[in-house]
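The values are calculated or read from the model by the stated rules, or taken from the named source; none is laboratory data. Every value quoted in this text rests on a predicted model; they were computed, and no experiment measured them. Ideal geometry is used to build each Cβ from the backbone, glycine not excepted, and the neighbour counts take in all protein chains shown.
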Amino acid sequence: MTGVPASAADGSSRAPASQPAAPKVTQTSQTSQVSQPEVIAAQPAGVTAVAGVEGTSRAQGAARPPRGAKIAAAAVNQASVWNIANFLTMLRLLLVPGFVALMLADGGYDPAWRSFAWAAFAIAMITDLFDGHLARTYDLVTDFGKIADPIADKAIMGAALICLSSLGDLPWWVTIVILGRELGITLLRFLVIRYGVIPASRGGKLKTLTQGIAVGMYVLALTGWLATLRFWVMGAAVVLTVATGLDYVRQAIVLRRQGIAERQAASEETEA
């Protein structure tokens, strides 16, 4: 019997030499091919869609913000200026000329007009209590509010003090002491801001409250024992004004010294 070559005997099971060998599929690739569709099928449709979008965006370098993102963020920040806290601040600014007009109406001594002026002053002082609280509580702090709020506070208080002194109801030295302290402390804050921020103290808050009550009592046409009471309340306001002003000066000096010492220490470490 003629011998049959081994290649012909099992030709059905072996591929010809001219054909390329079939790629071997490893266990790992088979597992990945089976498990990936199963995992995707097991996930909810929303999760699968998000995963697909994230995978695609990461592959395409979506870590960078899309076009127009900065413009959109700027628009949001600009729109956030129009909030309730800033509205109350602007209301106080608008009340200043109205208060002056009411205060000086009919010579400035009409009890009725003085009562209306007191109402405008009271609204301004009350809104001062709420705008800062709302801004901090609901994250409505803006650059406009940081600048406009102290301006509105000093504008209404300064207008009231100047009107009272102009009418002869309050000595000019009281007005000069209070306004000089407020302007001086504001300037001092700007001078030491490179070293840090001087925090508001309880004494400063008590001073503001006492000033508001005292000035409000002077705006009203009070007589008798109430007129005597307002004199003592204003005296307490002046004492608190001077005391807290000196305390702010002390804090500013300490803050400046600490800032200079820290800078010197940092420069020495850098040189070493």
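Name the helices (runs of 4 or more DSSP H) wholly inside the range 95-196 in which the number of residues that are under 22 Å from Phe231 (Cα atoms) and among the aromatic types (Phe, Trp, Tyr) is 2 or more.
Values: elements: 111-137, 143-166, 172-191.
Helices (runs of 4 or more DSSP H) meeting the threshold: 111-137, 172-191.
Suppose we filter Thr142, Thr137 for residues that are in contact with a helix residue (DSSP H, G or I) (Cβ under 9 Å, 6 or more places away or on another chain) and of a type in the set (S, T, N, Q); which single one remains?
Details: Thr137 fails: in contact with a helix residue (DSSP H, G or I) (Cβ under 9 Å, 6 or more places away or on another chain).
None of the others qualify; the one that does is Thr142.
Contact map, the range 146-166: residues that are over 22 Å from Gly108 (Cβ atoms) paired with residues that are of a type outside the set (D, E, K, R), Cβ distance under 6 Å, separation 6+ or inter-chain. Pairs shown: Ala148/Thr89; Asp149/Thr89; Ala152/Thr89; Ala152/Leu93.
Which one of Val141, Val192, Val174 is under 18 Å from the mean Cα position of the chain (by Cα) and either closer than 30 Å to Glu262 by Cβ or modelled with pLDDT of 90 or more (or both)? Break it down stepwise before answering.
Working: Val192 fails: under 18 Å from the mean Cα position of the chain (by Cα); Val174 fails: under 18 Å from the mean Cα position of the chain (by Cα).
After ruling out the rest, the residue left standing is Val141.
Condition check ((1) in contact with a helix residue (DSSP H, G or I) (Cβ under 8 Å, 6 or more places away or on another chain); (2) surrounded by fewer than 20 Cβ atoms within 10 Å (Cβ to Cβ); (3) at pLDDT below 95; (4) of a type in the set (Lys, Arg)) across all residues:
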site	(1), (2), (3), (4)
Leu88	yes, no, yes, no
Arg92	yes, no, yes, yes
Pro97	no, yes, no, no
Gly107	no, yes, yes, no
Trp113	yes, yes, no, no
Ala119	no, yes, no, no
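Only one of the numbered conditions (1) farther than 25 Å from Leu206 by Cα; (2) surrounded by 13 or more Cβ atoms within 10 Å (Cβ to Cβ); (3) under 29 Å from the mean Cα position of the chain (by Cα); (4) at pLDDT 85 or above is not met by Gly158, and that is (1).
In the range 215-272, the qualifying residues are those that are among the hydroxyl-bearing types (Ser, Thr, Tyr), free of Cβ contacts under 8 Å to residues at least 40 places away in the same chain and in a helix (DSSP H, G or I), and the one that is surrounded by the fewest Cβ atoms within 10 Å (Cβ to Cβ) is Thr270. Based on what the data block shows, is Arg256 more than 28 Å from the chain's Cα centre (by Cα) and of a type in the set (Lys, Arg)? The answer is no for Arg256.
Conditions tested, residue by residue: (1) of a type in the set (Val, Ile, Thr); (2) under 24 Å from Arg92 (Cα atoms).
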{"site": "Pro150", "(1), (2)": "no, yes"}
{"site": "Asp169", "(1), (2)": "no, yes"}
{"site": "Thr175", "(1), (2)": "yes, yes"}
{"site": "Gly184", "(1), (2)": "no, yes"}
{"site": "Val192", "(1), (2)": "yes, no"}
{"site": "Ile198", "(1), (2)": "yes, no"}
{"site": "Ser201", "(1), (2)": "no, yes"}
{"site": "Thr208", "(1), (2)": "yes, yes"}
{"site": "Gln211", "(1), (2)": "no, yes"}
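The one condition from (1) more than 22 Å from Ala124 (Cα to Cα); (2) in contact with a helix residue (DSSP H, G or I) (Cβ under 7 Å, 6 or more places away or on another chain) that Arg181 does not meet is (1). The single condition among (1) surrounded by fewer than 16 Cβ atoms within 10 Å (Cβ to Cβ); (2) in contact with a helix residue (DSSP H, G or I) (Cβ under 6 Å, 6 or more places away or on another chain); (3) not hydrophobic (A, V, I, L, M, F, W, C) that Asp131 does not satisfy is (1).
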